[in-house]
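The values are calculated or read from the model by the stated rules, or taken from the named source; none is laboratory data. Note that the structure is a prediction, hence the values are computed from the model and not measured. Positions of Cβ are backbone-derived with ideal geometry, glycine not excepted, and every protein chain shown enters the neighbour counts.
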Amino acid sequence: MCTNFKHPAAADGTVCIGRTMEFPDVLPWQLGVVASNHEGRSESSANAKSWTASHGIVGMSAFKPEWLGDGLNTAGLSAHILYMPGHCTYQPPKNDGSDIGILEIISFVLGTCATTTEAKAALASCNVVDYTPKEVPVPLPLHLIVHDKDSCIVAEFHPEGMRVLDNPLQIATNAPYLEWHLTNVTNYLGLTPNNPAPLQIGGATFAPAGQGQGFRGLPADENSSSRFIRLFANVHFASQPADSKHAIMDTIRILHGFDLVPGTVMEVVGPKSTMPLLTMWSTVCDLTGGRFIYNTIDDPTWYEIDLATTDLTTSRIVPFTTGGWLTPVTV
């Protein structure tokens, strides 16, 4: 389970991307920094894709800095991989220099691209194969979401091959495929932030008991199709923020509406065992300000990384900042 969206742009032009990561607690997530001159090579086959980066990246990594689940580059492009069980078919290796694994694809796209148009062309050179590193204890059926400040694309992996689609709503959750979600939106066109007008029936007046009834019918469960509609309503009706501060804060407010309470969604992880899905971390990518902002399951404080002041000469894993929980104050 994951949630990804572009908040409406602020009046000062700030564009923010929000993302939650819901997953069992089985991966050692840390911050990943990928150098602006990183020499990348996929491990997915004997003759796999290689590249030289021209943009530095900061994001969320596991095991290696270039194994990214989420990231922002110095050109203002963000990329995110989201779970797609039952709707993800990778291709056999070709061993022709095009093979790449899904955990490597963000490093390739963000390292070499500055826009979604460039990302489309880069993805066309890829054969995304079924490669799960031995360190990763779970399968990785995923899809890729890429945002620049103006547009969003989605790369899905169908049995017949990869499809890259323009995403007009610029939001994403999980299975099924994007076109199904877009069709499903037509079932919720009556949603409104306004309360219905009172009715006069038989001499009696029937009026809403409180505010918010215009969202009656909004699905509340955690299934991906329901979260897509909740996300659509939150983003579509969001007010325009005044500036970067308010754009970031409003993006965070939407994100917190998708936090999972531990124990409310369980994932089967073996023949006889289940684990709770947890909101392991959430991120805000400030595309125009070049800031990567995050919080984690162990600390509700949000931390900000300015890519302009980050050392992007070497690739590395960096532990999360800690210590922000319940900071003492004097009143």
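Can you spot a residue in region 20-27 that is crowded, with 23+ Cβ neighbours inside 10 Å and over 12 Å from the mean Cα position of the chain (by Cα)?
no
Any residue that is polar (S, T, N, Q) and closer than 22 Å to Glu156 by Cβ - is there at least one of those in region 92-110?
Looking for residues that are polar (S, T, N, Q) and closer than 22 Å to Glu156 by Cβ, one finds at least one in region 92-110, hence yes.
State whether the residues of region 44-55 include one that is within 24 Å of Gly289 (Cα to Cα) and of a type in the set (Val, Ile, Thr).
Scanning region 44-55 turns up no residue that is within 24 Å of Gly289 (Cα to Cα) and of a type in the set (Val, Ile, Thr).
Looking only at region 28-49, how many residues end up being of a type in the set (Ser, Thr, Tyr) and surrounded by 23 or more Cβ atoms within 10 Å (Cβ to Cβ)?
Total satisfying the criteria: 2.
If we keep just the residues of region 266-294 that are modelled with pLDDT of 95 or more, in a loop (DSSP other than H, G, I, E, B) and not small (Gly, Ala, Ser), which is surrounded by the most Cβ atoms within 10 Å (Cβ to Cβ)?
Per the stated criteria, the residue is Leu287.
With (1) in a strand (DSSP E or B); (2) in contact with a Phe, Trp or Tyr (Cβ under 8 Å, 6 or more places away or on another chain) as the list, and Ile153 as the residue in question, which single condition is left unmet?
Ile153 satisfies all of (1) in a strand (DSSP E or B); (2) in contact with a Phe, Trp or Tyr (Cβ under 8 Å, 6 or more places away or on another chain) except (2).
Being among the aromatic types (Phe, Trp, Tyr) and part of a loop (DSSP other than H, G, I, E, B) is the filter here; which residues of region 295-331 pass it?
Listed by number, the residues that qualify are Phe320, Trp325.
Given the options Gly190, Gly263, name the one that is within 30 Å of Ile297 (Cβ to Cβ), out of contact with any Ser or Thr (no Cβ under 8 Å at 6 or more places or on another chain) and assigned to a loop (DSSP other than H, G, I, E, B).
None of the others qualify; the one that does is Gly263.
Answer with yes or no whether Ile145 is within 30 Å of Asp25 (Cβ to Cβ), among the aliphatic types (A, V, I, L, M), touching a Phe, Trp or Tyr at 6+ places or on another chain (Cβ under 9 Å) and surrounded by 13 or more Cβ atoms within 10 Å (Cβ to Cβ). Reasoning before the result, please.
Working: within 30 Å of Asp25 (Cβ to Cβ): yes; among the aliphatic types (A, V, I, L, M): yes; touching a Phe, Trp or Tyr at 6+ places or on another chain (Cβ under 9 Å): no; surrounded by 13 or more Cβ atoms within 10 Å (Cβ to Cβ): yes.
No.
Only one of Gly214, Gly202 is surrounded by 16 or more Cβ atoms within 10 Å (Cβ to Cβ) and either closer than 30 Å to Ser45 by Cα or out of contact with any Asp or Glu (no Cβ under 6 Å at 6 or more places or on another chain) (or both). Can you tell me which?
Result of the check over Gly214, Gly202: Gly214.
Restricting to region 164-183, and then to whatever is outside any strand (DSSP E or B) and in contact with a helix residue (DSSP H, G or I) (Cβ under 7 Å, 6 or more places away or on another chain), can you tell me which residue is surrounded by the fewest Cβ atoms within 10 Å (Cβ to Cβ)?
Result: Leu169.
In region 193-225, which residues are closer than 21 Å to Gly257 by Cβ, free of Cβ contacts under 8 Å to residues at least 40 places away in the same chain and either in contact with a strand residue (DSSP E or B) (Cβ under 8 Å, 6 or more places away or on another chain) or assigned to a helix (DSSP H, G or I) (or both)?
Passing the criteria: Gln213, Gly214, Phe215.
Identify, from the list Arg230, Arg253, the residue that is farther than 30 Å from Val128 by Cα, in contact (Cβ under 8 Å) with a residue 12 or more places away in the chain and not in a loop (DSSP other than H, G, I, E, B).
Selected residue: Arg230, the only one of Arg230, Arg253 that is farther than 30 Å from Val128 by Cα, in contact (Cβ under 8 Å) with a residue 12 or more places away in the chain and not in a loop (DSSP other than H, G, I, E, B).
Regarding Ala242, is this residue without any contact (Cβ under 8 Å) to a residue 12 or more places away in the chain and assigned to a loop (DSSP other than H, G, I, E, B)?
no
Looking only at region 63-117, which residues are aromatic (Phe, Trp, Tyr) and surrounded by fewer than 19 Cβ atoms within 10 Å (Cβ to Cβ)? Walk me through it before giving the result.
Here is the first cut: in region 63-117, the residues aromatic (Phe, Trp, Tyr) are 63, 67, 83, 90, 108.
Matches in region 63-117: Phe63 only.
Check whether at least one residue in region 24-31 is farther than 23 Å from Ala308 by Cβ, in a strand (DSSP E or B), touching a Leu at 6+ places or on another chain (Cβ under 7 Å) and among the acidic types (Asp, Glu), and report yes or no.
Scanning region 24-31 turns up no residue that is farther than 23 Å from Ala308 by Cβ, in a strand (DSSP E or B), touching a Leu at 6+ places or on another chain (Cβ under 7 Å) and among the acidic types (Asp, Glu).
Can you tell me how many residues within region 76-92 are within 14 Å of Ile106 (Cβ to Cβ) and of a type in the set (A, V, I, L, M, F, W, C)? Give the steps one after another, and end with the answer.
Here is the first cut: in region 76-92, the ones within 14 Å of Ile106 (Cβ to Cβ) are 77-82.
Now narrow it down to the ones that are of a type in the set (A, V, I, L, M, F, W, C): 77, 79, 81-82.
Residues in region 76-92 being within 14 Å of Ile106 (Cβ to Cβ) and of a type in the set (A, V, I, L, M, F, W, C): 4 in total.
Residues that are more than 15 Å from the chain's Cα centre (by Cα) and over 21 Å from Leu27 (Cα atoms), at least 1 per element: which strands (runs of 3 or more DSSP E) completely within region 42-136 meet that?
50-52, 99-101, 127-129
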